[in-house]
Amino acid sequence: MTSTNMPVQAPEIAAPVDDSPVFSCKMCGQCCRGEGGIVVSPKDLLRITSALHLTAEEFAARYGETRGGKLQIRTGDDGFCIFFEQGKGCTVHAAKPDVCRAWPFFRGNIVDADSLDMARDFCPGIDKNCTHAEFASAGRAYLAKHGLLAHNRDEEGRAVILDD
């Protein structure tokens, strides 16, 4: 976990959700549903704790759980991320983790056409007519443009690690 003695920087603004030719977010929250997977990297932890005015330890105690040695955001009783609010969306949008910023451009959807087809079934924002090759190309470009490609398997979400 990141030290609380690190200098606090202004939180980054979330990557836009409207600059992809194959995805346009509908704010439905489907990507916010389900346990596990919302990994909070050290960079994410600094951004979100700064925005929430919490220490890393306070954030982890209130909102996190450790799975596979990685800090992840818990889900609520409704099965959604605890920061998702029906009718409002992400309540920490400007400071949300990179894995959330990357959706739907996850490793599985980029490298596997069947995974993309499953994602299309529940995400109304993914273009139903784009080919897998078009989606993968747009996804890689989006992740690179917004600095969302991860590389450290010990601290970051596997969904945004494409270099293996």
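Throughout, read-outs are computed from the coordinates displayed, never taken from laboratory work. A quick note: this is a predicted structure, and the numbers were derived from the prediction, not measured. Ideal geometry is used to build each Cβ from the backbone, glycine not excepted, and the neighbour counts take in all protein chains shown.
Applying 1/(1 + (r/R0)^6) with R0 = 30 Å to the Cβ-Cβ distance of Ala144 and Asp77, what FRET efficiency is obtained, to the nearest 0.05?
With a Förster radius of 30 Å, E is 0.20.
For Lys26, a cut-off of 25 angstrom between C-alpha atoms picks up these lysines, skipping any fewer than 8 places away in its own chain: Lys88, Lys96, Lys128, Lys145.
At a 10 Å Cβ-Cβ cut-off, how would you order Thr91, Thr66, fewest neighbours first? Don't jump to the answer; show the numbers that get you there.
On the way: Thr91 13, Thr66 10.
Ordered by Cβ neighbours within 10 Å, fewest first: Thr66, Thr91.
Based on alpha-carbon atoms, the Kirkwood radius and the radius of gyration of segment 40-126 give Rg/Rh equal to 1.00. Each 5 Å bin from zero holds the following percent of Cα-Cα pairs in the chain: 1, 9, 18, 22, 22, 15, 8, 3, 1, 0.
Would you mind ranking Phe106, Phe122, Phe84 so that the residue whose beta carbon has the fewest other beta carbons within 10 Å leads the list?
Values: Phe106 24, Phe122 11, Phe84 21.
Fewest-to-most Cβ neighbours within 10 Å comes out as Phe122, Phe84, Phe106.
Secondary-structure-derived ellipticity at 222 nm for the chain, considering helices only, amounts to -9000 deg cm²/dmol, per-run term -39500 (n - 2.57) for DSSP H runs with n ≥ 4.
About the centre of its Cα atoms, segment 104-152 shows a dipole size close to 240 debye [charges on the beta carbon of Lys, Arg (+1) and Asp, Glu (-1) only; nearest 20 debye]. Projecting label points 7 angstrom from Cα along Cα→Cβ for Thr55 and Asp114 puts them 4.8 nm apart. Packing order of peptides 96-102, 21-27, highest average first: 96-102, 21-27 (average count of other Cβ atoms within 10 Å over each peptide's residues).
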